[in-house]
Amino acid sequence: MKKLLILLFSIFLLSSPSVFADDISDFTIEGISIGDSLLDYMTEDEILKGIESTKDYYFYLNEPNKYAEVYLFKNYQKYDVISFFVRNTASSEYISNKNNKYKILYVRGMLPYIEDFDGCLKERDKISEELSKMFPNIDKEPSFSVSPSDPSGNSFNDGIWFYFDSGDAISVHCSDWEETFRINKNWKEGLNISIRSKDVDDWLSDY
């Protein structure tokens, strides 16, 4: 049974009493997990439109188009929006099975904390404490980084990571965008909770 990774009164709830699994696909955000087909949640036309709208988001990476991000906006139970990474369509056209073509490799749930970074950090720390209880044998790693997507250097992410033996990870972090940059991009800032495969995590770090 998949474990449910959702935010509820600042804690993560699991649908199984066993919390020591080392398979990232056992966890879900809003019922969605790594390994699912994005076609189970969106049409192919919606996926392609999503890929087109985010095609320039990761320009700073060494292979900016290796994977593509797709956002799904709906009335979620806990999150404001969910995003996914799949292999970029252009690089996976040879895959005839659409379920493999749009295999989810990363799931992220987001909650806005606009101009409330301290509030976001408090919530992040509560969640991190719960994750530490779930994974007592996994070291948590703090991470603070300036966002490479903002040329001003005034936007950053402050997070905590939990790495599995496989290299897959669960992360919880707060984003704080420089205000003018955020408004121009029409982006939100705040709490981000993600389940990510090693491949996508390595790709996002390669710049």
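The values are calculated or read from the model by the stated rules, or taken from the named source; none is laboratory data. Here the structure is a predicted model, which means the values were calculated and not measured. No Cβ is skipped: glycine too gets one built from the backbone with ideal geometry, and neighbour counts run over all protein chains shown.
Just one of the listed residues (105, 121) is out of contact with any Cys (no Cβ under 9 Å at 6 or more places or on another chain) and at pLDDT 95 or above, and it is 105. Looking only at residues in the stretch 133-144 that are in contact (Cβ under 8 Å) with a residue 24 or more places away in the chain and surrounded by 14 or more Cβ atoms within 10 Å (Cβ to Cβ), the one that is nearest to residue 165 (Cα to Cα) is 138.
Residue count for the stretch 115-137 satisfying the condition of being more than 22 Å from residue 155 (Cβ to Cβ) and among the charged types (D, E, K, R): 4.
Restricting attention to the stretch 153-204, report how many residues are of a type in the set (Phe, Trp, Tyr) and either in a strand (DSSP E or B) or surrounded by 18 or more Cβ atoms within 10 Å (Cβ to Cβ) (or both). Count: 6.
Consider residue 35 carefully, then state whether it is modelled with pLDDT of 75 or more, under 21 Å from residue 163 (Cα atoms) and in a loop (DSSP other than H, G, I, E, B). Answer is yes for this residue. For first residues located in the stretch 115-129 and crowded, with 16+ Cβ neighbours inside 10 Å, partners that are basic (Lys, Arg) and lie 6+ apart or on another chain with Cβ distances below 9 Å form the pairs 128/140.
Scanning the stretch 169-207 for residues that are among the aliphatic types (A, V, I, L, M) and over 18 Å from residue 25 (Cα atoms) yields 183, 191, 204.
Tallying residues that are at pLDDT below 90 and in a loop (DSSP other than H, G, I, E, B) within the stretch 127-147 yields 5.
Quick check on my filter: what residues within the stretch 20-60 are among the hydroxyl-bearing types (Ser, Thr, Tyr) and over 19 Å from residue 134 (Cβ atoms)? Of everything in the stretch 20-60, those that are among the hydroxyl-bearing types (Ser, Thr, Tyr) and over 19 Å from residue 134 (Cβ atoms) turn out to be 37, 41, 43, 53, 54, 57, 58, 60.
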